[in-house]
1. Please work out whether segment 463-565 counts as rounded, prolate or oblate from its C-alpha gyration tensor, where a ≥ b ≥ c are the square roots of the eigenvalues and a/c under 1.5 means rounded, while otherwise a/b larger than b/c means prolate and anything else oblate?
2. For segment 726-733, just list the computed ³J(HN,Hα) in residue order, Karplus coefficients 6.51, -1.76 and 1.60, θ = phi - 60°, integers in Hz, with x standing in for Gly and Pro.
3. Quick one: which residues, 5 or more positions from F170 or on another chain, have an amide H under 5 Å from its amide H? H modelled 1.01 Å from N in the peptide plane, none for Pro or chain starts.
4. Can you list residues from other chains, or at least 5 along the same chain, whose modelled amide H is less than 5 Å from the amide H of G692?
5. Taking θ = phi - 60°, what integer Hz values does the Karplus form 6.51 cos²θ - 1.76 cosθ + 1.60 yield along segment 278-285, in sequence order, with x for Gly and Pro?
6. Ignoring ligands, DNA and RNA, please state the percent of accessible area on segment 221-351 from carbon and sulfur, probe 1.4 Å.
7. Restricting to DSSP loop positions (anything but H, G, I, E, B) with no more than 10 other Cβ atoms inside 10 Å of their own Cβ, which chymotrypsin sites (Phe, Trp or Tyr not before Pro) remain in segment 497-603?
8. Once the chain is represented by equal point scatterers at the alpha-carbon sites, with solvent omitted, what log10 I(q)/I(0) does the Debye formula produce at q = 0.07, 0.08, 0.10 Å⁻¹?
Amino acid sequence: MIAKLLKPLIFGLGKRRLPQVSGELRVLGLQDKVEVIRDKWGAPHIYAQNMDDLAIAQGFVHAQDRLWQMELNRRVALGKVSEIFGEIGLDTDRTVRTFGFHRIAEEDWELADDEIKRLLTKYVSGINAFLEHKGSKMPIEFSLVGIKPAKWEVTHLLAFSRLMAWQMCFSWQGEIIRSRLIDAVGAEHADEIDPRYRKENPIGLPKGIEVNRILDDGRLEALKGPFIQEVKGSNAWAISKEKSVTGAPFLCNDPHLPMTLPSIWYENHLIVGEENVTGVTVPGLPQVLIGHNTHIAWGMTLAYTDIQDLYVEKFKDDSCIEYEFNGQWEKSTIIEEEIKVKGRKETHVEKVVITRHGPVISDVANYNDRKIAIKSVCLEPGQLMRGWYNLNKAQGWDDFAGAIKYVESPALNVTYADVHGNIGYYMSGKVPVRAGGKGKLPSEGWTGENDWTGYVPFEEMPHALNPEKGHVISCNHKVVDDDFPHYLGESWMNGYRAARLEELLGEDRKFGPADFKKYHLDYQSMVARDFKKHFEGLKSDNEKVSWAINQLQNWDGSLEAQSLGGLLFEIVRDRMARNLLEKPLEKELAELYRGKPFRPIVSGISEFYGHDTTMMLRVLDDSTSWWLKQAGGKEQLILKSIADALDIIEEKLGSDRTQWRWGRMHELVFPHALGAQKPLDKIFNIGPFEMGGDTDTVHQTAIHYNEGFESGNLVCASWRQIVDMGDLAKSECILPPGNSGQPGSPNYGDQAEMWYKGQYRSMLWTREQVEKEEKYRLTLES
């Protein structure tokens, strides 16, 4: 009732604070006039005369539509959340200050060349121009929280870029989980459930490196790469021109991220002279991160390579001033980080200890048994911004590969297509070469035996140009075979989404946009095919359980929101994992094994996420499994899990089975940051939507298991693009829930329903297209 009364009031106030999007505005620092044409979806198409003005204008429009989101992201990256939210933000701040994204930002700035420094400076000046403009109105959230945004600095955006890179890197959490598993059940039993890639699922690049040139007659000629002068040129896939209905490649991408309000992405079209690039950006950072320019298109998914290691340090005493290395005592770097906490009179002082390996994270990782330091590619300074800048300007494969070389973190699978008919792939991110071991467990830091000795040469990282099979698929799955000459890690996602796409794209026919839209919404469960054999021949004297067994045996494997069989399967599978793990491990460790993060805002899921599925299949196939014996055997485990699942479903949905369906226990909500506090959730959040799918369907709708099935917090396709390299003006996209972060804006949630229904809209490209869909035109001038 309160929410119903407050929502019109708050959104009314929000509407009165919307930015000026038509007419003229004076913006300090511009050299020439800049046109900002917004289409009906709120996407700004920025036409500038020079790069400086383009950067200023992009910073300005980002601040116009997403200032509150930018403020929150900046505070997380700088470790200043508790200044406005009090004690609830302190653990996040302590973690961030320990990792030191703000300290790395200073080093990134020193490494940046003059061109990149100029780009970043101009972009930040655009943000500040909005803050300082007398006509600017701050979003309603600032008033509700009671703060005013401070002036932006270049190191703020660099710290945020480091936070983003960190959130997309994996392996350190897994080392702690493995160590704790060994402590709980011993090395042998821990190894039995260690993540392993299922051999039946596909390998992304079986050859590791495959570079081919397309000859005039359509044949492929093998070349040495990655730089080929002759060639001008989450889920992602690219289709060769030979497999395309148009005779030109297509590139599709749907990065899977936690759904938020506003989205992490912001659609933006940047035009300066002959340079033209469009796609999604991240407010607080310049350039386009995923999209296409006049020559190439690119998409991204997480690579899950092992680029982080933990080291147990041996300190001289509790002061941690000195630690042992190779028989000598070395001095630590000690930094005292002062953190202001709302509601406290005194600041919190976080003592950060840094060794040759990196910051000591035992306290913030809740692992106080030993002093462990983390070494991570993500915590090393680099030239990430140069990589994105070059990617936006790339004209072909050589430029593309050269740009990816600068993206030393995070580790990404970057798919590629160009207007000359080529498709390809390159894995970004430096991967360490270790003196010994694989870094799967915390190493003895004082010996140096498992220290890093270098990095895999960029030219020897997995990549492909015009692979013989005619398509590239990237679904976070295993990229190279075990005989690849360099160790990249072992914690790939389980490969079921890739298996489904290989099945679909492996058909002997040509493909087009109608197919790709269908695949983006594909709910067929490849996992169910492997699980169903374990329900065969199963019987029970319990009528309810017997009914459920029959439903599971006759289920078609589709995880549509309306599916009864899908509902039963998902809840049974969840209970089976719990019944298998929680007795030997206890609940807290079992949740960590299934992917629960140590610090959700900072770390995201661990690389163990999703591997409970393949672990269970291995255990169910092995009658001698110790884990299966702890659960009373295969039959008892399954029957108990079915009975538990029925109890849970009846409790949540009632006893009328005609009303049972997967979507009722699998809903999506687009959560606003203030929606965590009731009744503000009813005001700011969008949803719920009944969803099909799960972690392993092509239309991924992954659950955070520790939050429960009905939390509404899902990982889904945060952006969908279908880029037509034969006619870029025919490319299509969708950005849920909308492009504006301003409550009261018509673009706050106008794409949520379309996305839910699998609809798309034009990815406007030509000036003619933009003007035809023009809603507002704003002229920025000095």
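The values are calculated or read from the model by the stated rules, or taken from the named source; none is laboratory data. The structure displayed is predicted, hence computed values, not measured ones. Positions of Cβ are generated from backbone atoms using ideal geometry, with glycine treated the same way; all protein chains shown enter the neighbour counts. For the accessible areas, the whole protein counts, side chains as well, though only heavy atoms, and no ligand, DNA or RNA atoms are used. Shrake-Rupley method; radii C 1.70, N 1.55, O 1.52, S 1.80 Å.
1. Cα axes put segment 463-565 in the oblate bin.
2. After applying 6.51 cos²θ - 1.76 cosθ + 1.60, I find x, 8, 4, 5, 9, 5, 10, 7 Hz.
3. It is I307, by chain and number.
4. A561
5. 9, x, 10, 10, 10, x, x, 9
6. Within segment 221-351, the accessible surface is 49 percent carbon and sulfur.
7. Passing both the DSSP loop test and the Cβ count: no residue.
8. -0.51, -0.68, -1.10
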